[in-house]
Each structure stands twice: as structure tokens, then as C-alpha cells.
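Trainee: Let me give you the structure first, and then I'll get to my questions.
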Amino acid sequence: MKFRRKLLSAAAILAIAGAAHAQISGNVVKIGVLNDQSGTYADLAGPGSTLAAKMAIEDSKAILKGLKVEVVSADHQNKPDVGSAIARKWYDSEGVDVIVDVPTSSVALAVNQITKEKGKAFLVSGAATSDLTGKACSPNTIHWTYDTWELANGTGSAIVKTGGKTWFFLTADYAFGHALERDTAAVVVKNGGKVVGSVRHPFPTADFSSFLLQAQASKAQIIGLANAGADTTNAIKQAAEFGIVKAGQNLAGMLVFLTDVHALGLNTAQGLIFTTSWYWDMNDASRAWAKRFAAANGGKYPTMVQAGVYSSVIHYLKAVKAINSDDGTKVIAEMKKLPTDDPLFGKGTVRADGRKLHPAYLVEVKKPSESKGPYDYYKIRATIPADQAFRPMADGGCPLVK
Amino acid sequence: MGEIFGVPTQVLFGQLLIGLINGSFYAMLSLGLAVIFGLLNIINFTHGAQYMMGAFAAYFLLNKLGLNYWWSLALAPIAVGATGVVVERLMLSRLYKLDHLYGLLLTFGLALVIQGVFRNEFGSTGLPYPMPSQLAGAKNLGFMFLPNYRAWVIVASLLVCTATWFVIERTKLGAYLRAATENPAMVQAFGVNVPRMITLTYGFGVALAGFAGVMAAPIYQVNPLMGADIIIVVFAVVVIGGMGSIMGAILTGFGLGVVEGLTKVFYPEATNTVIFVIMGIVLLIRPQGLFGSR
């Protein structure tokens, strides 16, 4: 009898210990913000993304009920090898449960693979390549904020429909640029336009004059900038210098962030049309959040990438709480099940291939005279509803949903 | 209109000219490096950061003091040169007796610190600097559209480079400088204040970087990382030209600008590497550099 009781209690202890193990690893949910903290993408993601993740934890206090959540951050220097090494170290020896942000598509694709191997979770906000929900899709990854297909579809079709039929691309020579050029070219052709040429420039490039001259010689109506950050701002600035727009060609910035417009100044950037997933001045909730963010970020307003980090972490913590586990594969599955709802992106869903769905906005940069204050930069020209903003699941070629 | 290797000659002329413009920046920057190395034996890795500081100085002169581009062109190099003088007096002057490597480590570390501070303060996207109104606009040359400002860059760079070469190679002051590198004790014995001369030389080399920074501000973003991007290429230029050779730095600067420009037409993917390939070949065949002695 005594023996049996002992056995029972031992079994009970084992069961409890086992259950605790399956719950939260190390009794803490550890979020790793991995992005460019010092280079060309540091302003659009960087420390601002870390801040956004911390704000998300703060705002989740009510549901966390004592669950400990920590944030760590690191600089991947836009290099896939550096990013992979950090991801492995985080997963293997530092107890990181989820990696968020990761701009620079080449790095994101590498982290995507490692996360899948390790069965952890990966919430992409900064990277653009639509391959993350296409041929590289993973049961451990959600692509949150935007992607190349969305940008191409929003901006590309709007421009072709208003008469920009022939295109020449200036493309950043790495995974992101290639994906953006491919997706945009497809939209251009589908809408009856034509791609007359492209040139791939090294990443990063300071002087675009050679490439702009080639674009000029192509006589294309539209020069598509399939690049980002300082590359885009330098190209736009130098295009003005070479009188490209005055001579009748137009620029299409395929990926432009709030920080880029800020860096260019409205004088140079006015009239630029592009697609964004989020803008701070949309409703009371987004304005209030942006003001709070800017106050803690040296006055710099949030980009869509940073807003996406906030939104994805909010949803992640909800899912962790719902299943009481931080097992990567399970949490991602739960995140796909739960509808999303947060102050920045409103209500939305996560699709089976890992694509988060929300509306996209076609915006135009204001004239200096229209801007009323700091960071008052965009006019929203059109809203593309969530069900049309992103690539249909069937076209992506994601092996998970075949 | 004819074609060369499938590229219309019109386009080719344009690219040659653009190469020359970029070469102007390489020449101005490598010139400063060559002066500093040739006369002080210091490998000045802070040069990129000092170039960036020149651009920022222009930005502040415009936005805080309301002084336009032309004032900046005169004042920013002086301000940046003055910081160089401080660095030389406080730190570099203690290293002359040691191996090159120490100077390199110090200047490299300084560059990282300066860049880090600027990035922390101003972010990495950069700040806008307007084109001076006198140089806005462009001329149609028939084969290309040449912005007036770019033409000015070539002219200014040629002026600065020739003047520097002339002072160092053809004047009495230059003779003192060269003599002081060969045998400082002897020159000092003739009553020349050698340490002060060396300090001012470093200040001048740094001022050249500041000048290039002001020149760059209206074309590129005023960006804390602008120096880090260009400095590696400029070092390759100096190595190819021959460490310490003034004329070598100038000619190689312009020459490599043109080579890089042509690469952008024929095989743009190799733009970042072509200069290093040339460096490798030159080091194999002529280790002292194209214009170096010894």
C-alpha cells in the first residue's frame, strides 16, 4: 500500500514536471529582435523594432498574468552568415523562442530555414521577398507586414493603368531586389505593359548616375526602383539631378518607407506614389501609438516595419497564452487559427501558408505646402482590401497548402 | 551612331564622363591619404569618417547658421581640419616611433567611434542637403545630360589636386616637408619646427577629406555611413597608385573612376569588385604600386 502510494506520487511528480516542461521553456518567453542595427536599414527597423516589441509586451500585460517575457536584440549587418550564426546561437544556447523582424530578404530566408530545423517560431516584419510564403514557406514562419507581391500589385498595376506602359528596373542585386523585380514585372506584363530592360546594382550603392543613364537610354516611361533604404533615396535624389523626371520619364519607388521620405525631404519626394501596409496617421489608435513610440524613439515616427513588429508580437503572446506553450510549431499553428486584432492593423487573419492578411494602401507623398507637421507625409489615394492585397494562396507554390 | 561591344557610343561617352566624376571623389580622398601617408607614415583609416564629418559640417552650417554651400566649401574643411589637428596632437603624435600598425589601429578605432556617435545622433538614413541654386540645372551635351554640379565637381577636384601636387612637389614649403620625412633631425637643426609642420600636414590631409565631404553633400545623402562605404575603395586606389605617391593617387583616382564607370555598363554586378581585382593584379606584378618608388 505504502509502496503503491509512493509510486503514484512519483508518477504525479513526473507528470507535473513533464507538463511544466511542455509549457514555457525556461519559464520565460524570450523574443529575439534580429535586424540591421547599424547599417542602411537601421532607421526603418533597427532599435525602433526592439522598442516596438517592448511596447507590445507592455500592452499585453493584462493577458500575460505574470508570465515572464524578455526581449533580446542583435545586429545581423545585412549578412546572411552573420544572421544565421546569431539565430543558431539564440536557439541553441540562449533559450530564444521566437525571432522577429529580420529585414533583408537574404538573411530572412536563412533564418527561415534554421527556424524550421529547430522547430521555433519566426515572425517576419522587415523582409520583403514573397518567397517566404511561396516556395520557401514554413510551418514555423509568419510573414507579417508586407511583401514584394503586395508592393508590385499595388504600385505596379496603379501605374500601368494610368499609362506607364514601358518599364526599366534598377534592381538591388540580392534576393529582395530579384523578387521585387520579378513580381513587379509580372504585374506590368499582366496589365498590358512591357519591361524593356533592367540593371542590377550592388547593394549598397551610393552613386546611381551610371545606372540612371542606362535607364534614360532605354527610353522607358517608368523607371522602377526595385531597391530600398538609402539605395532608393540616392537613386531618387540623383534622378532629379539628371533631369530624368523633367525629361518625361517617371520614377516608381517600389518600396519606400516613412524614413526614406523623411531623409529625402518633401521637396524632392513630393508626388511619389507607392504602396504601404501601414501609416501612422490613419486613425486615433495608430496616432496615439505613434506619438508614444516617437516619444521613446528620439522623435522619429514608426515605419510600417516597426508597427508590424508590435502587431506580430501582440498576436504571438495571445497564442502563447491560449495554448500555454512556447513550442514554436504549436504557437505558429495557433496564431493561424486565432483571428488577429490589434490597435495598429485592426482585425485580420493569418493564412495557412503563413501570410498575414490586412489591407494595403496606395499613397502619394504630400507637397511641402500640404504637410502640417513633422512626419505628415502621405495622402492615401486608394485602399486595397485584405483579400486582394496579397498573392492568392494557390499562385504562391507553397508546399504546405498543396 | 556606332556601337562598341553592343553598347551605343553615346552611352559609352556618358559613362566615361560619369566615371571621371566619381574618379574626382576618389582622387580628392586618396590625395589626402597619400599626403598623410607620404609625409607622416600614418595609414589614416579615419579618412572616411572625416569625409563624412565634412558633409555634416556643411549640413550644420546651412541649417544652424544659415551659411550657404560656398561658405561651407571654405569653412567646413577648416573645421574638420581643426579636429584633425587635435587628433594629431593628442594621439597620433605619440605613435610615430612605433610600427605603422599602431597608427592604423588607432585611426580605425577612431573612425568606428565617430561613425557610431553620428549614427546614434542622426540615424542611418541620412539628411537632405539641397543643391546650391547657382549649380542647379543641367546641360545637354548631345550624348548625355550633364548636371552642372557634376561638371563643377570635376573642375574643383582638378584644381585642388593640381594645387596640392604643386605645393608639395614644386615649392620650398613642399621641399621642407619632404626633407622632414627623410630626416627630421637634420631639418630641425636648420631651424624648422618639424612637429608643427607635421601637425599642420595632417590637418591639411584631413581638411581635404572634409572638402570632398562638402562636395558630396548635394549629390549623396548626408549620411553617417557615407565614409565607411567609400573608404575601402579609396584605400585600394592608394595601394594601386603606390602608397605615398601624390601624383599616383590623383591619376589612379581618376583612372579607376573611369574603369568602374565602364564596368557599370558591361557587367554591373562586378562594380564593387573590379577595383579590388585590379589591386590584386597590380600587387602581384608591381608590389610598390603603379607610381610608387622603392
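Trainee: Using alpha-carbon pairs under 8 Å, 6+ residues apart, how would you state the relative contact order of chain B in percent?
Mentor: Relative contact order for chain B comes out at 38 percent.
Trainee: Evaluate the distance, in nm, between pseudo-label points positioned 7 Å from the Cα of B:ASN148 and of A:LYS379 along their respective Cα→Cβ axes.
Mentor: 3.1 nm
Trainee: Now a separate question. Given labels modelled 7 Å from the Cα in the Cβ direction, how far is it in nm from A:ASN191 to A:LYS79?
Mentor: It is 3.9 nm.
Trainee: Excluding same-chain residues fewer than 8 positions from B:LYS64, which aspartates and glutamates have a Cα within less than 17 Å of its Cα?
Mentor: Answer for B:LYS64, where 17 Å is the Cα cut-off: B:GLU121, listed by chain and number.
Trainee: Further, regarding this structure: Using amide H atoms built 1.01 Å from N in the peptide plane, name the residues 5+ places from A:ARG355, or on other chains, whose amide H lies under 5 Å from its own.
Mentor: Amide H to amide H, under 5 Å and 5 or more residues apart or across chains, A:ARG355 pairs with A:HIS143.
Trainee: Mind pulling the angle between the C-alpha long axis of helix A:80-93 and the longest principal axis of chain A? Nearest 10 degrees, somewhere in 0 to 90.
Mentor: Roughly 10 degrees, rounded to the nearest 10.
Trainee: Follow-up. Would you tally the net charge around A:ASP43, using a Cβ to Cβ cut-off of less than 15 Å, leaving A:ASP43 out, and scoring K and R as +1, D and E as -1?
Mentor: That works out to -4.
Trainee: Can you list the residues, at least 5 places off or on another chain, whose amide H is less than 5 Å from the amide H of B:GLY244, using H built in the peptide plane?
Mentor: B:GLY38
Trainee: Going by alpha carbons, how many degrees (0 to 90, nearest 10) lie between the helix axis of B:100-122 and the longest principal axis of chain B?
Mentor: In chain B, helix B:100-122 runs at an angle near 60 degrees to the longest axis.
Trainee: For segment B:176-191, just list the computed ³J(HN,Hα) in residue order, Karplus coefficients 6.51, -1.76 and 1.60, θ = phi - 60°, integers in Hz, with x standing in for Gly and Pro.
Mentor: So the J values, rounded to whole Hz, are 4, 4, 5, 5, 5, 6, 5, 8, x, 4, 5, 5, 4, 4, 7, x.
Trainee: Right, another one. Charges on Cβ only, +1 for Lys and Arg, -1 for Asp and Glu, centred on the Cα centroid of segment B:3-285; of B:MET243, B:LEU40, B:PHE145, which one is farthest towards the dipole's positive end?
Mentor: So the residue we want is B:LEU40.
Trainee: Mind putting a number on the dipole of segment B:1-154 about its Cα centre? Charges go on the C-beta only, +1 for Lys and Arg and -1 for Asp and Glu, and I need it in Debye to the nearest 20. Mind dumping the intermediate values first?
Mentor: Working: 7 positive and 4 negative charges, 52 e Å.
For segment B:1-154, the charge dipole is close to 260 debye.
Trainee: A:ASN250's amide H: which non-local residues (gap 5+, or another chain) put their own amide H closer than 5 Å, with H modeled 1.01 Å from N in plane and none for Pro or chain starts?
Mentor: A:ILE222, A:ILE223
Trainee: Please list, or write none, the lysines whose alpha carbon is within less than 27 Å of the alpha carbon of A:LYS194, excluding same-chain residues fewer than 8 places away.
Mentor: A:LYS135, A:LYS161, A:LYS165, A:LYS219, A:LYS237, A:LYS246, B:LYS264
Trainee: Once phi is turned into θ = phi - 60°, what whole-Hz ³J(HN,Hα) does the Karplus curve with 6.51, -1.76 and 1.60 give for every residue of segment B:203-209, x standing for Gly and Pro?
Mentor: x, 5, x, 5, 4, 4, 4
Trainee: Using just the helices of the protein assembly as shown, give the 222 nm mean residue ellipticity in deg cm²/dmol: DSSP H runs with n ≥ 4 each add -39,500 (n - 2.57), and the total is spread over all residues, rounded to 500.
Mentor: -17500 deg cm²/dmol
Trainee: How far is helix A:328-337 tilted off the main Cα axis of chain A, in degrees rounded to 10, range 0 to 90?
Mentor: 70 degrees
Trainee: Hey, with R₀ at 35 Å, roughly what FRET efficiency would A:VAL401 and A:VAL28 work out to, going by the Cβ-Cβ distance, to 0.05?
Mentor: 0.55
Trainee: While we're looking at this one, here's another question. So, with +1 on the Cβ of K and R and -1 on the Cβ of D and E, and no other charges, what is the size of the charge dipole of the protein assembly as shown about its Cα centre, to the nearest 20 debye?
Mentor: 1140 debye
Trainee: Right, something else. Note down the relative contact order for segment A:18-120 as a percent, whole number, built from C-alpha pairs under 8 angstrom at least six residues apart.
Mentor: In percent, rounded to a whole number, it is 37.
Trainee: Could you pull out every Cys in the protein assembly as shown that lacks a partner Cys with its beta carbon under 4.7 Å away?
Mentor: B:CYS161
Trainee: Semi-axes of the equivalent ellipsoid for chain A, please: Cα gyration tensor eigenvalues, times 5, square-rooted, ordered largest first, whole Å. Can you show the working numbers first?
Mentor: On the way: eigenvalues 341, 90, 68 Å².
In descending order the semi-axes read 41, 21, 18 Å.
Trainee: Ranked highest first by average number of other Cβ atoms within 10 Å, how do B:129-136, B:154-161, B:201-208 line up?
Mentor: B:201-208, B:154-161, B:129-136
Trainee: Got a sec? Charge dipole of the protein assembly as shown, +1 on Cβ for Lys and Arg, -1 for Asp and Glu; which of A:GLY308, A:GLN249, A:GLN221 is way out at the positive end?
Mentor: Checking the options against the dipole of the protein assembly as shown, the answer is A:GLY308.
Trainee: Karplus couplings for segment A:316-321 from phi (6.51 cos²θ - 1.76 cosθ + 1.60, θ = phi - 60°), rounded to Hz, Gly and Pro as x?
Mentor: Those phi angles translate into 4, 5, 4, 5, 4, 5 Hz.
Trainee: How large is Rg over Rh for the protein assembly as shown, taking Rg from the Cα atoms and Rh as the Kirkwood inverse mean of 1/r across Cα pairs?
Mentor: 1.03
Trainee: While we're here: Between B:VAL167 and B:PHE13, what FRET efficiency follows from the Cβ-Cβ distance if R0 is 30 Å, with the result rounded to 0.05? Could the numbers behind the result be given before it?
Mentor: Details: r = 34 Å, r/R0 = 1.12.
Efficiency for this residue pair is about 0.35.
Trainee: A further question on this structure: Any idea which of A:ALA263, B:LEU65, A:ALA121 is furthest toward the positive side of the dipole for the protein assembly as shown, if Lys and Arg beta-carbons carry +1 and Asp and Glu beta-carbons -1?
Mentor: About the Cα centre, the residue reaching furthest to the positive side is A:ALA121.
Trainee: Now for a separate question. So for chain A: antiparallel DSSP bridges make up what percent, rounded to the nearest 5?
Mentor: Values: 15 of 50 bridges.
Bridges in chain A are about 30 percent antiparallel.
Trainee: Could you calculate the FRET efficiency of A:MET282 with A:SER369 from 1/(1 + (r/R0)^6), where r is the beta carbon distance between them and R0 is 25 Å, rounded to 0.05?
Mentor: Step by step, r from the Cβ atoms, then E = 0.70.
Trainee: Which residue fluctuates most in the GNM of chain A (Cα springs below 10 Å): A:ASN227, A:ASN283, A:ASN35?
Mentor: A:ASN283
Trainee: Moving on. Quick check on the protein assembly as shown: of the DSSP beta bridges with both residues there, what percent are antiparallel, nearest 5%?
Mentor: 40 percent
Coordinate-derived values only; no laboratory data. Remember, predicted model here, so these are calculated numbers, not experimental data. Note: ideal-geometry Cβ built from the backbone for every residue, glycine included; neighbour counts use all protein chains shown.
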